[in-house]
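K.L.:
This structure is in structure tokens; I'll ask about it shortly.
The values are calculated or read from the model by the stated rules, or taken from the named source; none is laboratory data. Fair warning: this is a prediction, and the values are worked out from it, not measured in the lab. Positions of Cβ are generated from backbone atoms using ideal geometry, with glycine treated the same way; all protein chains shown enter the neighbour counts. Note: accessible area is taken over every heavy atom of the protein model, side chains too, but ligands, DNA and RNA are not part of it. Shrake-Rupley method; radii C 1.70, N 1.55, O 1.52, S 1.80 Å.
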Amino acid sequence: MKRFVLFLGLLLNLPAALAAGNLADVQIRDRVSGRVLPVYQSDGRWFVAGRPGREFRIEFRNRDARDLLAVVSVDGVNVVTGETAASSQGGYVVNAGGSLSISGWRKSLDNVAAFYFTNLEDSYAARTGRPENAGVIGVAVFRRKAEPEPLADLAPQAPMGSAMERDASRGARAESSPAQKSLGTGHGRVESSRAQYVEFERESESPSEVIAIHYDTHANLVARGVIREKRAWPAPFPGGFVADPPSRG
């Protein structure tokens, strides 16, 4: 199938990702601390705890031997097109074995608006009238359609042209406690993130894999039983001898 896609070309040296699939790994990194957010599993789902006001980025690693298309959504909104997300839409192409970082909503081939955790009412999804799917980051992964192998008795074919000329999908290569209010993702400061169109033909109309990471505040995840904190119980024999009490003044 021929679709319009974007390619993000910022390569990263990622450690083993915490949210792992068969074809790709996805992790969420706090841009203030530089820390990868720990992933918790509950009822077969992945969860991370976000902090309101903190910018974050989505990191994706291709574990496959072929190029992959990653159609990425945040709060049910496509991060490239701004449409209500569907897996048939545009996304980012990642070379075989490569990695990329997505730091915001794409505004143009040169800029993105930074992702940041915020109260649901301030989220981009809510501000555009689509709050019902806030609190989840999704990646639909597609393999590139394999090129047919040439027959041994035929001469090799000439190149078909540059990525911008082929009649196929175009895309872009970018260079670079008590419960609290639920979280969403805001539309933050504009920053540079270069991109260009490339082409990508999907192996099938359906994703080969879908990776979803839900998020909320730490307190809300504790309240929902996703994060189980260890409680400090009082010790019956914490000290030694009996000390004198403070004077009565």
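K.L.:
What whole number of Å gives the distance from the Cα centroid of the stretch 129-149 to the Cα centroid of the stretch 182-241?
P.N.:
18
K.L.:
At 1.4 Å probe size, what's the solvent-accessible area of Val210? Round to the nearest 10 Å².
P.N.:
Counting only protein heavy atoms, the figure is 100 Å².
K.L.:
If you don't mind, another one. Report Ser73's accessible area, 1.4 Å probe, all protein chains in place, as a number in Å² to the nearest 10.
P.N.:
Here the accessible area works out near 20 Å².
K.L.:
Name the residues whose placed amide hydrogens come within less than 5 Å of the amide hydrogen of Gly50, ignoring near sequence neighbours (fewer than 5 apart) on the same chain.
P.N.:
Asp216, Thr217, His218
K.L.:
Follow-up. Between Ser42 and Ser206, how high is the FRET efficiency from 1/(1 + (r/R0)^6) when r is the Cβ-Cβ distance and R₀ = 22 Å? Nearest 0.05.
P.N.:
On the way: r = 27 Å, r/R0 = 1.21.
For R0 = 22 Å, the calculated efficiency reads 0.25.
K.L.:
Turning to a different aspect of this structure: Take Phe241 and His214, extend 7 Å from each Cα along the Cα→Cβ direction, and tell me the distance between the two endpoints in nm.
P.N.:
Taking the simple label geometry, Phe241 and His214 are separated by 5.6 nm.
K.L.:
Heads up, I need the accessible area for Glu201: 1.4 angstrom probe, whole protein in place, Å², nearest 10.
P.N.:
The value for Glu201 is about 60 Å².
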